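These notes are about the structure you will find just below.
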């Protein structure tokens, strides 16, 4: 009987000692954080206070391949609609208008609905003329979800554009006097 | 009403969820309590069903991978890898060595990031906020690597049929080695601060004991099964994507804190798995071969020959199986995922019986269940 | 299918890791075959890895992936059930009394494919909301315009 | 003591004693207790942030110093939760009253000893026991599971923690030969080896027991299983909001301040400053300066003790309630009894 009492007593004190030792061990591990002693950047505060550019990442600190908000350079866009087809969430809408044969394609509507976009990067990968790219911008908050639909298209063809084409075509067919409309020298 | 009826006591019915800080995700947990002791528990899920498998059937082969990486948001690459391996097996596409190596690197980095998420949740469940913040701070370094290589932090959408979508930039290899060194130092700090802390031992050892027989009977795989003593690991039993060239050993539960298969064993096992992943990363980063990173250019009319395949992948939560059927069209005919969380959810009613109300969060979070993966 | 005919068929097929060596059996004898494979000493398929279902031209194929933990061999059982109409349920045999993991797998298939497993412990709707008509994973499934008076503005892009 | 205060506040000669005491009570509450509770709240938040590699509050006031004030103001203007019934409000009031009644007994300096009876050391414990009982009843009146379990656990823990604390107080009272604050303060002079904690081998044990049992009674971080947020969402405080939640939180910090002050006075020499200094000041009857110096010495020690408690409570994970009561009955109580026996022999041997 005595051996069992002694062993339980020994176990009791060992348990108390182990508790105290691990309490002290954890305390010493956390102490350097309190005193920031010789820890270089191992133990510095890591809170990023967002709008302040010094302590938090801004657009240009992000790595080159970051998939941020999209931007389409409409002049290079050939309206091949590959991006519209491959997009998993169908958030790109492209519409073109008919133009005279030799003129460049007129992309009247190129809308990306950033409410649906999941920034997967497939459209950028598929775009041959590389006009659709990921910018490193990430601040896309708006008050009304309808404003999330950004449009990059050229809009419907205006009257003066039609007149320009008509004049260009007339020049090709020789019906037009090239000098008309210029200031007399 | 006789006195006996009047004084009769009954169990308290308490249903937790769908949102509750003690639960690993949106699920219901219907408990019968006798005071503080739990008499019986029953789970109900289905709150995160997004119809992923139906969506995969309606999209082309290219964009199906984007949906596959949303199977388990915390370890995105394993959904993609499962679908890629199955599709490549059907279509007979062979993946260049360099792409396989990049896939192994990304898998091990995701495993580390998912296990760090597990450590943070366990620390929060037990109430040690310093450990919680240290772990999340170190996970940021791993997520920076993902952003550097793929452009996104969690849903990286980086794998393509036949390889990866972009090559590894030069600075990436050095950064991976630096992060490995940093995490090795941090692991030592976690052990000093938290893993064998007496109070944490008391909260998690002998709690939620999962024996190896019950683990096998309920179809539990992955770290939870290894902590129970079964050494099941797909990377060893059916190696894929170049794992046969890497030598690493599978850590099995030793039951230092209490017994084999308790919550503390599962916690410490994941720490060992992080060290093992660091080993694998070191070997695969040193031996990355030159060469092509993608063997197939996918256009709009890309189709895969009719056929079916079943691929197994070792995800941080267990064995993830993907049964892919193709009927020769431009879209997968059927994609079915067998997720490890299915088995883990079955163990909850058994592990919860007889424990106290305060132990629920420790048991549930020690199983590392992802509800997004369970409901699909 | 009695046991010796099953034995003869098994010898020919043999177990294979890939799907090609799958053993096609009819639904009725599914539970009996599974019981046999699990308890037979030289097979010992004691681990059900996955039950997956997919629809091929109107009939639903149930695939059972078996694995034996001792010998490491894997085995695939294939059963076919054909529902009468596109929206009617169809019956199959449950194996949840052999493997516990079968319960959630069968629950999901019964809800999304409309395959009723006899003797299974499937609960009412777990994944789909109550009162949801139709089985979503069938090829013939048409998305409802609205459910419980909530409109789905899904404009189709096919 | 009364004449000293009349000269400090230059009140007319014949003001009744009661008025002077009430004035001192109000002054000590407004200028000592309230600011110290707020300072403690700020220190705990800033300290735990520093420990966790975070910046912590830095928006309101220099380095976020007025964060507790802005928290209190924010809580004041929040609407009270509709579900709280009247009984809960009553019991919360009783809990607050029990706790704040100990202000009169607070030993803040030789001149601020308003109630200096022979039993004045035990009076704060009376306040703490009523606080525990009131929290239990508040929990039981809320018909939510977290309220019930939280209330039962708080009473379980509160009642348990008081026993080793009382034994530790006995240890401190033995060498002083009496249980009034003035006796105990007189027994310990400014030099550390005269403090109760260090002038005999058992002093340190009883100090640690006293602090830990305080953490158990008041529910400080690692031992607050009763109101832990992980599964009971705050226990009895789950349904408090607005001013009630503010009062609940402030009373927790005041409880910690009270317990640290008692620990310092009982074991760490309280407000004792070198004899020569008090004599000189008393002769030139500048009592105001005495009060300030004594208060300064006392508060420095209190904040040091409180810093240690916060450090230890941040670092260890939370324990279950049954483990808290096990710790209390199986570890703290035996050790406090051993130190009581030790103190008895030591004082008998010293004075024998």
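Here, each number is a calculation from the coordinates, and none is a lab measurement. Here the structure is a predicted model, which is why all the values come from computation and not from measurement. Reconstructed Cβ throughout: ideal geometry from the backbone, glycine too, with neighbour counts over all protein chains shown.
Taking chain D as a Gaussian network of alpha-carbon nodes connected by springs under 10 Å, the highest mean-square fluctuation of the residues D:194, D:14, D:183 belongs to D:14.
Can you give the FRET efficiency for residue D:279 and residue D:65, using 1/(1 + (r/R0)^6), R0 = 41 Å, r = Cβ-Cβ distance, to the nearest 0.05?
On the way: r = 37 Å, r/R0 = 0.91.
Rounded to the nearest 0.05, the efficiency is 0.65.
When peptides D:254-261, B:15-22 are sorted by average Cβ neighbour count within 10 Å, with the highest value leading, the order is D:254-261, B:15-22.
Per 10 Å bin, what percent of the C-alpha pairs of the range B:156-298 does each bin hold, from zero upward? Histogram of Cα-Cα distances, whole percents per bin: 10, 29, 31, 20, 8, 1. Specify the angular offset, from 0 to 90 degrees and rounded to the nearest 10, of the alpha carbon long axis of helix B:76-91 from the longest principal axis of the alpha carbons in chain B. So the inclination is approximately 50 degrees. Highest mobility in the GNM of chain D, judged by mean-square fluctuation with C-alpha springs under 10 Å and restricted to D:328, D:199, D:285, is found for D:285. Within 10 Å of the Cβ of each residue in B:149-156, the mean number of Cβ atoms contributed by other protein chains is 4. Rounded, prolate or oblate: which fits the range D:250-352, taking a ≥ b ≥ c as square roots of the Cα gyration tensor eigenvalues, rounded meaning a/c under 1.5, else prolate when a/b beats b/c? Oblate shape, in that a/c is at least 1.5 and b/c is the bigger or equal ratio. Seen against the Cα atoms of chain D and their longest principal axis, helix D:86-100 is set at about 20 degrees. Here the sum of -39500 (n - 2.57) over DSSP H runs of 4 or more residues, divided by the residues of chain D, equals -21000 deg cm²/dmol at 222 nm, to the nearest 500. Using alpha carbons only, how many angstrom separate the centre of the range A:107-185 from the centre of the range A:58-85? Comparing the Cα centres of the range A:107-185 and the range A:58-85, I get a distance of 15 Å. Between the Cα long axis of helix A:159-172 and the first principal axis of chain A there is an angle of about 50°, rounded to the nearest 10.
Based on the mean of other beta carbon atoms within 10 Å per residue, what is the order of A:156-163, A:45-52, most packed first? Before the final figure, lay out the partial values.
Working: A:156-163: 10.8, A:45-52: 12.5.
Highest-to-lowest ranking by the protection proxy: A:45-52, A:156-163.
Within 10 Å of the Cβ of each residue in A:17-27, the mean number of Cβ atoms contributed by other protein chains is 6.
Average partner chain C-beta neighbours within 10 Å, per residue of C:44-55?
Values: counts 0, 0, 2, 5, 1, 7, 12, 3, 13, 3, 11, 3.
Across C:44-55, the average partner-chain Cβ count within 10 Å equals 5.
Report, in whole Å, the centroid distance computed from the Cα atoms of the range D:284-352 and the range D:121-189. First find each Cα centre; the distance between them is then 14 Å.
Using a Gaussian network for chain B with springs between C-alpha atoms less than 10 Å apart, which of these wobbles most: B:105, B:288, B:348? Among B:105, B:288, B:348, the largest mean-square fluctuation in the Gaussian network model of chain B belongs to B:288. The range B:85-105 and the range B:307-355 have their alpha-carbon centroids 20 Å apart.
Is the shape of the range C:3-151 rounded, prolate or oblate, going by the alpha carbon gyration tensor and its root eigenvalues a ≥ b ≥ c, with a/c under 1.5 for rounded and a/b larger than b/c for prolate?
On the way: a/c = 2.51, a/b = 2.05, b/c = 1.22.
Prolate.
Ranking request for peptides C:88-96, B:314-322: highest mean number of other beta-carbon atoms within 10 Å first, then the rest in descending order. Walk me through the intermediate numbers first.
Numbers: C:88-96: 17.2, B:314-322: 26.7.
Listed from highest to lowest mean packing, they are B:314-322, C:88-96.
To the nearest µm²/s, what D does Stokes-Einstein give for the protein assembly as shown at 10 °C and 1.306 mPa s, using the Kirkwood radius over alpha carbon pairs as Rh? Could you put the intermediate results ahead of the total?
Numbers: Rh = 34.0 Å.
Rounded, D is 47 µm²/s.
Calculated mean residue ellipticity, 222 nm, chain A: -10000 deg cm²/dmol, from DSSP H runs (n ≥ 4) at -39500 (n - 2.57) each, averaged per residue and rounded to 500. Going from the fewest other Cβ atoms within 10 Å to the most, the residues B:170, A:82, C:108 appear in the order B:170, A:82, C:108. Only beta bridges with both residues in the range C:3-151 are counted; by DSSP, about 75 percent of them are antiparallel.
The residues D:247, D:76, D:319, B:28, when put in order of fewest to most other Cβ atoms within 10 Å, stand as D:76, B:28, D:247, D:319. Report the FRET efficiency, 1/(1 + (r/R0)^6), for residue C:132 and residue D:17, where r is their Cβ-Cβ distance and R0 is 60 Å, rounded to 0.05. It comes out at approximately 0.15.
Kindly work out what percent of the DSSP beta bridges joining two residues of the protein assembly as shown are antiparallel, to the nearest 5.
Values: 61 of 68 bridges.
Here the antiparallel bridges make up roughly 90 percent for the protein assembly as shown.
Each of D:113, D:131 has some number of other Cβ atoms within 10 Å of its Cβ, and from fewest to most they run D:113, D:131. Taking a ≥ b ≥ c as the square roots of the eigenvalues of the Cα gyration tensor, the range B:1-84 is classed as prolate, since a/c reaches at least 1.5 and a/b is larger than b/c. Modelled spin labels at residue D:76 and residue A:138, positioned 7 Å past Cα toward Cβ, are 3.9 nm from each other.
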